[in-house]
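Here is the structure we will look at, set down as structure tokens.
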Amino acid sequence: MPEYPYLYNIGIILSQRELEKQLIDNLPELDLKLTNIKKLYPNNPTLYLKSSLGDMFTFLLNKNKITIWNYTGGIQIINNLKIPHNGWSVEFTVKYLFEQLDNFTNDFVMCKKCNKIVHYSEVKNNVDIEGIYCDKCWLDKGSNKKKEYRKNSCD
Ligand SMILES: [Zn+2]
């Protein structure tokens, strides 16, 4: 195989209206369709969402739970959100989901721990595998780790 400098991927565009409709009215069918598409290709293909501004997100639908990351998969924006979320209507849950993507596009993210809305550009280094944190929670996390370390060490 010849070597090329870039990679090109194929995709199918589903409009947001269509996606909302399927998330709200027929989630099991959407899950089945996406599962079947993934089964056609051996290397666990990545599913993407693309905003009208051209921003891309990767996502995983696992039955009625959805996780969404930024394009590279390095930042989790939606963590295993159940549709519907406990006590919410399906419509409200789907609205919440797209609001979080809009927020991320506009440089806002929610702190994983305290749910405070912060500028992504200001906290982009406060990231671990579970999510993104405001400065305060990130510092608290750091000092809790130190306390834990002290507790476990012999001195
Ligand atoms: Zn916080």
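Some notes on this structure:
- Relative contact order, whole percent, for the chain stands at 12, derived from Cα pairs under 8 Å and 6 or more residues apart.
- Angle between the chain longest axis and helix 16-25 axis [Cα atoms, degrees, rounded to 10]: 80
- Neighbour counts of other Cβ atoms within 10 Å put 130, 3 in the fewest-to-most order 3, 130.
- If you run the Gaussian network model on the chain, springs between alpha carbon atoms under 10 Å, then out of 108, 92, 57 the most flexible one is 92.
- Within the chain: Cβ-based charge dipole about Cα centre, in debye rounded to nearest 20 (Lys, Arg +1; Asp, Glu -1): 580
- Helix axis angle, 135-152 relative to the chain longest principal axis, alpha carbon, degrees: 60
- nm² value of the averaged projected area, convex hull over the Cα atoms of the stretch 16-152: 10.3
- Relative contact order, whole percent, for the stretch 63-114 stands at 25, derived from Cα pairs under 8 Å and 6 or more residues apart.
- Residue 77 long-range amide H proximity, modeled H, under 5 Å: 68, 69, 70
Here, each number is a calculation from the coordinates, and none is a lab measurement. Since we're looking at a predicted model, the values are computed, not measured. Here Cβ is always computed from backbone atoms with ideal geometry, including for glycine, and neighbour counts include all displayed protein chains.
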